[in-house]
Amino acid sequence: MRGCSGRGNAIVLLLAGIFFIIGGISIGIVGARTAREAAERAERLPVMTAGDIERGSVGTEMIVEGFIDPRNPTRFRNFVAYIREEYRGLDANDNPDWKEDERWTPPLLIATEDGAVQVANDTYRVEEPPVKWQESDNLSWNSFSGEGTKRYAGFESGSPAMVIGRIVDGVEGRAVEAELMFGGTHAGYIAFQRTTASISPIIGLVLGGVGLLILLGGIWFLFRG
């Protein structure tokens, strides 16, 4: 029985080590490359105002930089778009476990220097939302009712917003089909991606090192058993 238990522990360690190593490689190499390519793409794309988009060709990829227009309706509190997460207790490592349980990303108006740009779709990604709000600092989760503390991250009227997308024909002239909405400026987005590309290899190296130690521990347990 003791031998079976030791072998089982060794297998668990081996699998965990492999998992960490794969995660480290993914973050260190793939994550860094993805962030670097995102920054380079943002540097290449033209930054357009409402007038530029109205004169632009359908299908043109571009960037809109501005603010959330005050004419956008609010959905919850002052949020016009948000991602909501619910606290679900503690995970296996005793860290707070948050799960996304609602996403509200409607078509929005983005105010630019010469008018408003209509974001026509509701399928865009949200990155680094500038406004955050949490129901309570005392986290709670009721497994019986299935209710936990909620937290929100999103945009409200006047929030800075940068949109990457392409020009489409809207109901009232040209509009934008957004790929993502970033809570900041064009320059801020490029800096964010550059920073991510710089620190991803470090994070990947740390995870890979932890995975290697766990893997070696599993091998030791396996042969010792």
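The values are calculated or read from the model by the stated rules, or taken from the named source; none is laboratory data. The structure presented is a predicted model; accordingly, all values stated were derived computationally and were not measured. Cβ placement follows ideal geometry from the backbone for every residue including glycine, while neighbour counts extend to all protein chains displayed. Each accessible area value is taken on the protein alone, full model and side chains, heavy atoms only, with ligands, DNA and RNA left out. Shrake-Rupley method; radii C 1.70, N 1.55, O 1.52, S 1.80 Å.
Remarks
- Between amide H atoms placed 1.01 Å from N, distances below 5 Å from V80 occur with R75, F155, E156, S157, all of them 5 or more places distant or on a separate chain.
- Accessible area of the range 70-206 divided out per residue, in Å², using a probe of 1.4 angstrom: 55 Å²
- V47 versus Q134: modelled label distance in nm, points set 7 Å from Cα along the beta carbon direction: 3.3 nm
- Between E100 and E54, the modelled label-to-label distance comes to 3.5 nm, taking each label 7 Å out from Cα in the direction of the beta carbon.
- Across the range 130-142, rounded Karplus estimates of 3J(HN,Hα) from the backbone phi angles (6.51 cos²θ - 1.76 cosθ + 1.60, θ = phi - 60°) give x, 10, 10, 8, 10, 4, 7, 7, 8, 6, 9, 9, 9 Hz, Gly and Pro being marked x.
- The string of couplings for the range 58-72 from the Karplus curve (6.51, -1.76, 1.60, θ = phi - 60°) is 4, x, 5, 7, 7, 10, 10, 10, x, 9, 5, 5, x, 7, 5 Hz, one whole number per residue in order, with x for Gly and Pro.
- Other-chain or far-sequence residues with amide H under 5 Å of D101's (modelled H): R84, E85, E86
- Of the residues E100, E172, the one with the largest accessible area comes first in the ranking E172, E100, computed with a 1.4 Å probe on protein heavy atoms.
- Shape of the range 129-205 from the C-alpha gyration tensor: oblate (a/c of 1.5 or more and a/b not above b/c, with a ≥ b ≥ c the square roots of its eigenvalues).
- Efficiency of FRET between F223 and L90 - r from beta-carbon atoms, R0 30 angstrom, step 0.05: 0.30
- Protection proxy ranking, peptides 176-186, 113-123, 36-46, average beta carbon neighbours within 10 Å, highest first: 176-186, 113-123, 36-46
- Here the accessible area is traced with a 1.4 Å probe on the protein chains. For the range 68-157, carbon and sulfur cover 42 percent of it.
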